[in-house]
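What follows is a single structure, written as structure tokens, with notes after it.
The values are calculated or read from the model by the stated rules, or taken from the named source; none is laboratory data. The shown structure was predicted, so the numbers you read here are calculated from the model rather than taken from an experiment. Here the Cβ positions follow ideal geometry from the backbone for every residue, glycine too, while neighbour counts run over all protein chains shown. When the accessible area is computed, the model is the full protein with side chains, heavy atoms only, and any ligands, DNA or RNA have been set aside. Shrake-Rupley method; radii C 1.70, N 1.55, O 1.52, S 1.80 Å.
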2 protein chains.
Amino acid sequence: MLPFARVTIIGLGLIGSSIARGVRAGMPGVALSGYDADPEVRETARALALVDDVADTPGAALIDADLVILCVPVGAIGAVAAEIAADLPADAILSDVGSCKASVVEALQAALPAATIVPAHPVAGTERSGPEAGFAALFHKRWCILTPPEGTPAVAVERVAEFWRRLGADIDIMAPDHHDRVLAVTSHLPHLIAYTIVGTASDLEEVTSSEVIKYSAGGFRDFTRIAASDPTMWRDVFLSNREAVLDMLQRFSEDLSELQRAIRWGKGDQLFDTFTRTRAVRRSIIEQGQDDARPDFGRGDH
Amino acid sequence: MLPFARVTIIGLGLIGSSIARGVRAGMPGVALSGYDADPEVRETARALALVDDVADTPGAALIDADLVILCVPVGAIGAVAAEIAADLPADAILSDVGSCKASVVEALQAALPAATIVPAHPVAGTERSGPEAGFAALFHKRWCILTPPEGTPAVAVERVAEFWRRLGADIDIMAPDHHDRVLAVTSHLPHLIAYTIVGTASDLEEVTSSEVIKYSAGGFRDFTRIAASDPTMWRDVFLSNREAVLDMLQRFSEDLSELQRAIRWGKGDQLFDTFTRTRAVRRSIIEQGQDDARPDFGRGDH
């Protein structure tokens, strides 16, 4: 039995459009409606027939929905929740896909104190944005973390869990604060570092941008993928998860200083030990199916 | 006409064994001999028939060679050059594949003052190591940078350039110092950052290693690929290119502090501007054929 009969997706970018495609592929029979604040995105969504009905107001998209998923940047969650407050069906479950959860839970509860809220974070994505970038397999074998506030009915959590399982995801349940600290290290800090190094490389005077691009296969190009992610989404992530990100950044900076000192003083053994330890992490990630086992991510014709 | 008739490869790891495979594929008729200091690697190389003859001493591998390529960690270049000094044929060209060039040129000239030296750096690799990891296409459409010392005969440089073109590479010629500054930013700094963040994530107390691995698809896993690179090779790179790496690291740290401050003080516009600028770099890299155009590097079944 399908966990929901009528699903509304607010925000039809990479994640929203991937959910729509995943529902079509894995839950035929579910009625899908959608809305996006950007009229061009709504047009594209209609042309792609991403959902059964693209509404011109969020309220119209919500009619008879039993699951409403907000797929908007986390900084917009509060405003969107307030905007739909009057039209949200009383028995609908409200969810989202934001990369930070404490601030999202707070914003949703403030705007919709009576709603049943099951926040979700599918740990998946690509560097592309927009309704054309989505695909049904995006969530396959990825983790989706649910962070229901205390007192959320277990049956509501289970229905959302089942929805994500049918999109191909594995489910974990976590407290919002713990989620934010885990993701600060596995996702937010890596993005911040990648954005920084790509910026640093672009600003050098004695090495030209053209040289940086030409010789990027030495490692730099890996960082540019992450640093091509959606700027609005990531601005909001750093502002919303500020405390955890700054804390992880502090630890990273300390570790970097340590390696800097090892290089300055020629401590080869210390460098070798560090570089040996980090190798094992990659092995575990591949063993657990969280990355492509082929060398170089299976790039090109290798 | 083939640029060389008899090529000797000293060091049969990822790069050395890829050169051997590339010569077999693109220059049939070239006689190949090889040597590796590790007896197990020599055994594997024999089993794989990587070269026509795997010698048990470097001297024996050099007989009649007109091109000798040292494919060893840059910290070992000086010692290996001294070891082969007595056996290097007088008319052979000596080359290498090291990731730093100023220290390599210095070490080679000190050990072999009379030799014709054409140092090379193919900007290509994967996170795998050893003779089984190599493949002939590794250098296809990658840049190979030659850094001949002043006074090197142009015809020697051209022969080495032609050799690399036949392995599929494009050629650039650069002064060793400039090479080292360019690669410090496009390769060495990215590796140092990746090693650091993987270390930082492994050492947290409130986020477990198991959580870091599970949720690595949020960005972290990208860094683990680079941080799985060969520890000996990278120890030597940082010790050999110390000054340029420390300089780039200083700039990176300044830029990181700037973003840290923007997060702390909630400067969303500054974050947004930085994240928008970095997006363009990725586009240029893909336009110039230096990375896979598919989202997420074409990972998995996307």
Go ahead and set up a Gaussian network model of chain B, Cα springs under 10 Å, then flag whichever of B:Gly219, B:Gly29, B:Gly16 fluctuates most.
B:Gly219
Cα gyration tensor, the stretch B:1-155 - rounded (a/c under 1.5), prolate or oblate
rounded
Tell me the volume per residue, in Å³, of the convex hull enclosing the alpha carbons of the protein assembly as shown.
148 Å³
Note: B:Leu2 to B:Leu246 extended length (0.36 nm per residue) minus current alpha-carbon separation gives 83.7 nm
Would you mind listing the distances between the A:Pro89 label point and the same position in each other copy? Use 7 Å along Cα-to-C-beta, nm, one decimal, shortest first.
8.2
Across peptide B:204-212, how many C-beta atoms of other chains are within 10 Å of each residue C-beta, on average?
5
For the axis carrying chain A to chain B: nearest C-beta residue of A, whole Å:
A:Phe297, 2
Here the FRET efficiency for A:Ala175 versus A:Arg277, based on Cβ atoms and R0 = 35 Å and rounded to 0.05, is 0.75
So, for the stretch B:180-291, what is the accessible surface per residue at a probe of 1.4 Å, expressed in square angstrom?
34 Å²
Of the accessible area of the stretch B:178-266, computed with a 1.4 Å probe and all protein chains kept, carbon and sulfur make up a percent value of 45 percent
Viscosity 1.306 mPa s, 10 °C: Kirkwood-radius Stokes-Einstein D of the stretch A:177-243 over Cα pairs, µm²/s
121 µm²/s
Treating the point 7 Å from Cα along Cα-beta-carbon as the label, what are the nm separations from B:Val155 to the other copies, to one decimal?
9.0
Using the structure shown, list the pairs from A:Lys101/A:Lys141; A:Lys141/A:Lys214; A:Lys141/B:Lys141; A:Lys267/B:Lys101; A:Lys214/A:Lys267 with a Cα-Cα distance above 26 Å, or answer none.
A:Lys141/A:Lys214; A:Lys141/B:Lys141; A:Lys214/A:Lys267
Any idea what the B:Gln270 label distances to the other copies are, label 7 Å down the Cα→Cβ vector, nm, shortest first?
3.1
From other protein chains only, count the Cβ atoms within 10 Å of every residue's Cβ in A:244-250, then give the mean.
3
Decide, for the stretch A:212-275, between rounded, prolate and oblate: order the square roots of the alpha carbon gyration tensor eigenvalues as a ≥ b ≥ c, take rounded if a/c falls under 1.5, and otherwise choose prolate if a/b is larger than b/c, else oblate.
oblate
Residue of B:Asp96, B:Asp38, B:Asp269 that the Gaussian network model of chain B assigns the largest fluctuation, springs spanning Cα pairs under 10 Å:
B:Asp269
If we sort B:100-111, A:180-191 on the protection proxy, mean other Cβ atoms within 10 Å, highest first, what's the order?
A:180-191, B:100-111
Rounded to whole angstrom, the alpha-carbon centroid of the stretch B:216-246 lies from that of the stretch B:93-120 at a distance of 24 Å
Build a GNM of chain B with springs between Cα atoms under 10 Å: which of B:Val212, B:Val68, B:Val30 gets the top mean-square fluctuation?
B:Val212
For the interface of A with B, what's the total buried accessible surface in square angstrom, probe 1.4 angstrom, rounded to the nearest hundred?
10200 Å²
Evaluate peptide A:135-146: per residue, the Cβ atoms of other protein chains within 10 Å of its Cβ; return the mean as an integer.
2
Which helices pass in chain A if a helix is a full DSSP H run, must span at least 24 angstrom along its long axis by Cα, and must have mean Kyte-Doolittle hydropathy not below -1.0?
A:242-264, A:268-287
